[in-house]
Every structure is written in structure tokens, then in C-alpha cells.
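The values are calculated or read from the model by the stated rules, or taken from the named source; none is laboratory data. Everything numeric here is computed off the predicted structure, so don't read it as measured data. Neighbour counts run over all protein chains shown; Cβ positions are idealised from the backbone, glycine included. All accessible areas refer to the heavy atoms of the entire protein, side chains included, with ligands and DNA or RNA removed. Shrake-Rupley method; radii C 1.70, N 1.55, O 1.52, S 1.80 Å.
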Amino acid sequence: MCQHQRPCPTADSADREAALLVAHHPEQGWSLLCNGVLLFEDTGEILPDGRIIAPHRSPAMDVMTAA
């Protein structure tokens, strides 16, 4: 899939989110990466083979502080 000189990580690799953006739609909450991974703003993913990766936000992102 990837045609960059230094190939992007594959969709099966642990660092798959480091692939370059092909399409970015922040108004809809998703981005398409060069390796075919559909990445959502909640950190969920859909891999090219249809597998779903649940959101994997760090605990710090889930903490809200009161003013």
C-alpha cells in the first residue's frame, strides 16, 4: 500500500498509528492513514482487514477536573 521511500508501518505493526495521513476529516472525527488504517478521534481504529481496535486512551485523558 505505502509507496513512501521510508515505508510507513504496516497495519499489523504495533506502531501503525505512525503512518502518514492520506485523508483527515476532523469535522467528522476520523483520519485515513497510508497503511489503510481508519483512525478515529477517540483513538479507536478499523484495520484494512475489518478488525476493530477499541479506543485506547490513556487514563489521564479520561480525568476531568472541576474548576
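List of remarks:
- For the stretch 1-29, a tally of residues being touching a helix residue (DSSP H, G or I) at 6+ places or on another chain (Cβ under 9 Å) and open to solvent by 70 Å² or more (accessible area, probe 1.4 Å) returns 1.
- Scanning the stretch 30-45 for residues that are open to solvent by 10 Å² or more (accessible area, probe 1.4 Å) and over 17 Å from Cys2 (Cα atoms) yields a total of 5.
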